[in-house]
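What follows draws every value from the coordinates through simple rules; no lab data is involved. Predicted, not measured: the structure shown is a model, and the values here were computed from it. Reconstructed Cβ throughout: ideal geometry from the backbone, glycine too, with neighbour counts over all protein chains shown.
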Amino acid sequence: MKRMSMKKFARIVRSVMETLPAEIAQYLDNVVVDVEEEPDEKTLRQMDFTDEEIAAGEPLYGLFAPLDVAMPEGSDFMDYPHRIFIYKRPLEE
């Protein structure tokens with residue numbers, strides 16, 4: 001199967017993000033969506049993938065990564081920027 005370019009895949013992700021219902025989109029104002037080819041081994045290990053799962057190529061399609069900061073008391077989790085990673089290669093397979 002021929003893989004699409006990262007540029008085309010990112011355009012699709014952007015298009016999907018723009019068409020999300022308002023009930024969901026309202027929570028994404030402080031979220032950055034990054035598209036990457038695939039997760040690295042460090043990320044897989046942080047997500048508790050075993051050596052066997054990594055060797056077998058178990059997929060990780062995406063990841064929500066909250067900004068790791070100490071929040072002042074009384075602040076809202078959603079007031080701080082966060083990231084969502086979308087991994088292209090596992091979604092193509």
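Given R0 = 30 Å, the distance between the Cβ atoms of R45 and R3 translates into a calculated FRET efficiency of 0.75. Between A56 and H82, the distance separating the two model label sites (each 7 Å from Cα on the Cα→Cβ line) works out to 2.9 nm. The distance between label points at E93 and Q26 comes to 3.9 nm (points 7 Å beyond Cα on the Cα→Cβ vector).
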